[in-house]
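Contents: one structure, followed by commentary.
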Amino acid sequence: MPAADFSHVRHWVFDLDNTLYPPEARLFDQIERRMTAWVMQELQVDQPEADRLRRHYWQLYGTTLAGLMAEHGIDPHGYMHEVHDIDFTVLTPDSGLAARIRDLPGRRIVYTNGSAPYAEKVLAARGLAGVFDAIYGVEHADFRPKPERAAFETVFGRDGIVPETGAMFEDDPRNLAAPHDMGMRTVHVAPTPAPAPHIHHHTNDLSGFLARLLP
């Protein structure tokens, strides 16, 4: 993987969940349980149906939240506060990752389908607080989720990101299609590769990958 592939990059965009921490932390398992409980309570359905709806909305709309807003008109703020009320002590600081992100040339941001306050808590637990120039949640995209291109365009417009000089790091392959089409370098961060025309690089070690980009 030649560092030259990233020599033009001055806007570094990182997803949060299962990208800036290892999936082994299983943080999202906690969120999914709280999502299911919320759906059960608010829609008055049993657990199997709540799980089915959660997966269905994720596949159809990009996030469970987007489906709930589209089909049930729910208030996103209360929902996000509830599902993100989890235990962050399962995360451990990563000083090496922090140093490598800090050394990247240009602007560094986090863009998540979660909320910005939630992202701040994750970053603090990972020792990544203060490493990024900005943090954007789904609220900054007017609650449109990745993988919608309009969501990326809204957030990138807010931050002044020039896609042609940008790179996107993501664990969900779907969420790399729009950045690729906009002209960004794309990196799939996951234990297993997902070969696709819109994915330029894959890594299961984000810190090690970034180290190879630096002088």
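Details
- Of all residues making up the range 157-175, the number that are within 18 Å of Asp17 (Cα to Cα) and in contact with a strand residue (DSSP E or B) (Cβ under 9 Å, 6 or more places away or on another chain): 8
- Matching option when the condition is at pLDDT 95 or above and outside any loop (DSSP other than H, G, I, E, B), among Ala177, Ala196: Ala177
- Pairs with Cβ under 9 Å, 6+ apart, first in the range 62-75 and under 11 Å from Glu42 (Cα atoms), second outside any helix (DSSP H, G or I) and open to solvent by less than 60 Å² (accessible area, probe 1.4 Å): Leu68/Ile74
- The one condition in (1) within 30 Å of Pro215 (Cβ to Cβ); (2) in contact with a strand residue (DSSP E or B) (Cβ under 6 Å, 6 or more places away or on another chain) that Ala116 fails to fulfil: (1)
- The range 137-165, subset assigned to a helix (DSSP H, G or I) and among the charged types (D, E, K, R), residue least open to solvent (accessible area, probe 1.4 Å): Asp159
- Some residue of the range 2-22 being without any contact (Cβ under 8 Å) to a residue 12 or more places away in the chain, more than 28 Å from Thr89 (Cα to Cα), exposed (fewer than 13 other Cβ atoms within 10 Å of the Cβ) and within 19 Å of the chain's Cα centre (by Cα): no
- Residues that are small (Gly, Ala, Ser), surrounded by fewer than 17 Cβ atoms within 10 Å (Cβ to Cβ) and not in a loop (DSSP other than H, G, I, E, B), drawn from the range 117-133: Ala124
- Restricting attention to the range 176-197, the residues that are surrounded by fewer than 16 Cβ atoms within 10 Å (Cβ to Cβ), within 20 Å of Val155 (Cα to Cα) and touching a strand residue (DSSP E or B) at 6+ places or on another chain (Cβ under 8 Å) total 1.
- Among the residues of the range 94-108, some residue qualifies, meaning at least one is without any contact (Cβ under 8 Å) to a residue 24 or more places away in the chain and either surrounded by 13 or more Cβ atoms within 10 Å (Cβ to Cβ) or hydrophobic (A, V, I, L, M, F, W, C) (or both).
- Neighbours by Cβ (under 7 Å, 6+ apart or cross-chain): first from the range 116-127, modelled with pLDDT of 95 or more; second of a type in the set (S, T, N, Q): Ala119/Thr112; Gly127/Ser95
- Qualifying residue in the range 86-106 (condition: hydrophobic (A, V, I, L, M, F, W, C) and under 15 Å from the mean Cα position of the chain (by Cα)): no
- Only one of Val13, Val39, Val45 that is more than 18 Å from Asp142 (Cα to Cα), among the β-branched types (Val, Ile, Thr) and part of a helix (DSSP H, G or I): Val39
- Selection within the range 138-158 - more than 19 Å from Gly183 (Cα to Cα) and in contact (Cβ under 8 Å) with a residue 40 or more places away in the chain: Val138, Glu139, Phe143, Arg144, Pro145
- Failed criterion for Leu53 (all others in (1) open to solvent by less than 30 Å² (accessible area, probe 1.4 Å); (2) assigned to a loop (DSSP other than H, G, I, E, B); (3) more than 16 Å from Leu104 (Cβ to Cβ) hold): (2)
The values are calculated or read from the model by the stated rules, or taken from the named source; none is laboratory data. Computed from a predicted structure; not experimentally measured. Cβ: placed from backbone, ideal geometry, glycine included. Neighbour counts: every protein chain shown. We work out accessible area using only protein heavy atoms, side chains counted, and drop any ligands, DNA or RNA first. Shrake-Rupley method; radii C 1.70, N 1.55, O 1.52, S 1.80 Å.
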